[in-house]
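*Asks:* Take a look at this one; I'll ask things after.
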Amino acid sequence: MKKQIAPSILSADFAKLGEEILAVEKAGADLIHIDIMDGHFVPNLTMGPPLVQSIRKITKLPLDCHLMIENPEKFIGAFKDAGADWISVHIETCNLAQVLPAIKKLGCKAGAVINPPTPLEKILPFCRLADFILVMTVNPGFGGQSTVDGTLEKIAALKKFLVAKNLNIPIEVDGGVKTENIAEFAKAGADIFVSGSGIFHTKDYAKTIQQIKTII
Ligand code: DX5
Ligand code: ZN
């Protein structure tokens, strides 16, 4: 499966967001990861459809919108209209059996997300409905956190399940992923690597992304 790098703009300098996005695109990013937070499901507020619409105008890279919001089904249409290509929703916020097919019906790739405290078994029945599975490696809400213990084992167990069921579905990892630990996530079975501070808080994005690509 193709390994992909998704810089999370949560750690970009918002005062020059356009330049930051173009810089990571030029540096070899495969996707742009956009963290949508509502202040209810997670204790932080970030961006909404108008921002996605503006970003859509400046990059051709797929926009990977990670919805950390309650009632995500009410907003998937607005994100699609704004230009989202990938939309992921948390098992903790909705009925995946309904929302994943609804995202696909809009023409977007549908992702199922699981938080660190939620047991892996909860998401397994919905895997075949998803285009990708996002395993959170921190409790969502903020960039720059350290990974939670036990997430490597969770990724490995999910990979084992997908292989056993013959499901060719990529695993995305998000939270605390950086050059120092990315090899472990790759070894555990991750295919898509979200990194916010691990890219945007380094001086040379091209060098960092190149390093990540060499490691994974
Ligand atoms: C966390 C977000 C992440 C975050 C990752 O709630 O979902 O996408 O931006 O940031 P880093 O890579 O700094 O942990
Ligand atoms: Zn995210």
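*Asks:* Assess whether N95 counts as being more than 16 Å from ligand 1 (Cβ to nearest atom) and on the phi > 0 side of the Ramachandran plot.
*Replies:* Answer is no for this residue.
*Asks:* Where the second residue is assigned to a loop (DSSP other than H, G, I, E, B) and basic (K, R) and the first is over 20 Å from A112 (Cβ atoms) and near ligand 1 (Cβ under 6 Å from one of its atoms) and lies in segment 136-147, which pairs have Cβ atoms under 7 Å and are six or more apart or on separate chains?
*Replies:* Nothing qualifies.
*Asks:* Under the condition of being among the aromatic types (F, W, Y) and assigned to a helix (DSSP H, G or I), which residue from segment 111-162 is nearest to F193 (Cα to Cα)?
*Replies:* F161
*Asks:* Out of all the residues in segment 154-167, is one or more in contact (Cβ under 8 Å) with a residue 60 or more places away in the chain, under 27 Å from A12 (Cβ atoms) and touching a Ser or Thr at 6+ places or on another chain (Cβ under 9 Å)?
*Replies:* No, that holds for no residue.
*Asks:* Name the residue that is farthest from H201 (Cα to Cα), counting only residues in segment 12-69 that are polar (S, T, N, Q) and outside any loop (DSSP other than H, G, I, E, B).
*Replies:* The qualifying residue farthest from H201 (Cα to Cα) is Q53.
*Asks:* So, D38, is that one of a type in the set (D, E, K, R), within 14 Å of ligand 2 (Cβ to nearest atom) and within 27 Å of T208 (Cα to Cα) or not?
*Replies:* no
*Asks:* Taking segment 1-20 only, how many residues are within 17 Å of the chain's Cα centre (by Cα) and either at pLDDT 95 or above or within 16 Å of ligand 2 (Cβ to nearest atom) (or both)?
*Replies:* Total meeting the criteria: 10.
*Asks:* Out of all the residues in segment 78-93, is one or more under 24 Å from A206 (Cα atoms), of a type in the set (A, V, I, L, M) and surrounded by 20 or more Cβ atoms within 10 Å (Cβ to Cβ)?
*Replies:* Within segment 78-93, not a single residue is under 24 Å from A206 (Cα atoms), of a type in the set (A, V, I, L, M) and surrounded by 20 or more Cβ atoms within 10 Å (Cβ to Cβ).
*Asks:* Report the residue count in segment 168-203 for those that are touching a residue at least 40 places away in the same chain (Cβ under 8 Å) and surrounded by fewer than 16 Cβ atoms within 10 Å (Cβ to Cβ).
*Replies:* Matching residues across segment 168-203 total 2.
*Asks:* Hey, among P117, P62, which residue is closer than 18 Å to A6 by Cβ, modelled with pLDDT of 95 or more and surrounded by fewer than 20 Cβ atoms within 10 Å (Cβ to Cβ)?
*Replies:* Result: P62 is the single residue among P117, P62 that is closer than 18 Å to A6 by Cβ, modelled with pLDDT of 95 or more and surrounded by fewer than 20 Cβ atoms within 10 Å (Cβ to Cβ).
*Asks:* Taking I32 as meeting all but one of (1) hydrophobic (A, V, I, L, M, F, W, C); (2) in contact with a Gly (Cβ under 6 Å, 6 or more places away or on another chain); (3) within 12 Å of ligand 2 (Cβ to nearest atom), write down the number of the exception.
*Replies:* (2)
*Asks:* Here's a follow-up. Please verify whether T179 is within 12 Å of ligand 1 (Cβ to nearest atom), in contact with a helix residue (DSSP H, G or I) (Cβ under 8 Å, 6 or more places away or on another chain) and either closer than 26 Å to L61 by Cβ or part of a helix (DSSP H, G or I) (or both), treating the condition exactly as stated.
*Replies:* Taking the combined requirement at face value, the residue satisfies it.
*Asks:* Let me ask you something else. Here's a check for you: in segment 78-90, which residue that is of a type in the set (A, V, I, L, M, F, W, C) and more than 14 Å from the chain's Cα centre (by Cα) is farthest from A6 (Cα to Cα)?
*Replies:* Initial filter on segment 78-90 (of a type in the set (A, V, I, L, M, F, W, C)): 78-79, 82, 84, 86-87, 89.
Okay, now just the ones that are also more than 14 Å from the chain's Cα centre (by Cα), so 78-79, 82.
Values: A78: 22, F79: 18, A82: 19 Å.
Top of the filtered list is A78.
*Asks:* I'd like the full set of residues that are part of a helix (DSSP H, G or I), more than 20 Å from I169 (Cα to Cα) and under 15 Å from the mean Cα position of the chain (by Cα), limited to segment 182-201.
*Replies:* S197, G198, I199
The values are calculated or read from the model by the stated rules, or taken from the named source; none is laboratory data. Quick caveat: nothing in here was measured; it's all calculated off a predicted structure. Quick reminder, even Gly has a Cβ in these numbers, built from the backbone with ideal geometry, and neighbours come from all protein chains shown.
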